[in-house]
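The values are calculated or read from the model by the stated rules, or taken from the named source; none is laboratory data. Everything numeric here is computed off the predicted structure, so don't read it as measured data. Positions of Cβ are generated from backbone atoms using ideal geometry, with glycine treated the same way; all protein chains shown enter the neighbour counts. Side chains included, ligands, DNA and RNA excluded: accessible areas come from the protein's heavy atoms. Shrake-Rupley method; radii C 1.70, N 1.55, O 1.52, S 1.80 Å.
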Amino acid sequence: MKTNLTKLIIVGGIIILIVLFFMFDLQHYFALDYIKTQQDALHAYYQSNIFLTLSVYMLIYITVAALSLPGAAVMTLVGGGLFGLLTGTIVVSF
């Protein structure tokens, strides 16, 4: 009984996250055009907050990939462009 409730809570949480993603139109922030317009600001923020930027990026990337939300491919490109080839590859591989 407890395992069924746990599974139901997990599935319900995933569904809520997906609905919120589309309800708040968050896919707009994962479009390549939007990222290009924010590239300088993202790079400046990364230079001043390296650990925080990497941590937040990894959290968002893992969530987007795990929920199969649109934007994972763009986020992979952003990781390479923002963090460089080596760091970007390591961060995206998690």
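When residues in region 81-94 are screened for being more than 20 Å from Q27 (Cα to Cα), surrounded by fewer than 16 Cβ atoms within 10 Å (Cβ to Cβ) and in contact (Cβ under 8 Å) with a residue 12 or more places away in the chain, 2 of them pass. In the set S68, S48, only one residue is open to solvent by 60 Å² or more (accessible area, probe 1.4 Å) and modelled with pLDDT under 95; that residue is S68.
When A41 is tested against (1) open to solvent by less than 80 Å² (accessible area, probe 1.4 Å); (2) in contact with a helix residue (DSSP H, G or I) (Cβ under 9 Å, 6 or more places away or on another chain), just one condition goes unmet, and that condition is (2). Candidates V56, V74, V78: the one that is without any contact (Cβ under 8 Å) to a residue 24 or more places away in the chain and open to solvent by less than 80 Å² (accessible area, probe 1.4 Å) is V56. In region 25-42, which residue that is of a type outside the set (S, T, N, Q) and more than 15 Å from the chain's Cα centre (by Cα) is nearest to Y57 (Cα to Cα)? Selected residue: A41.
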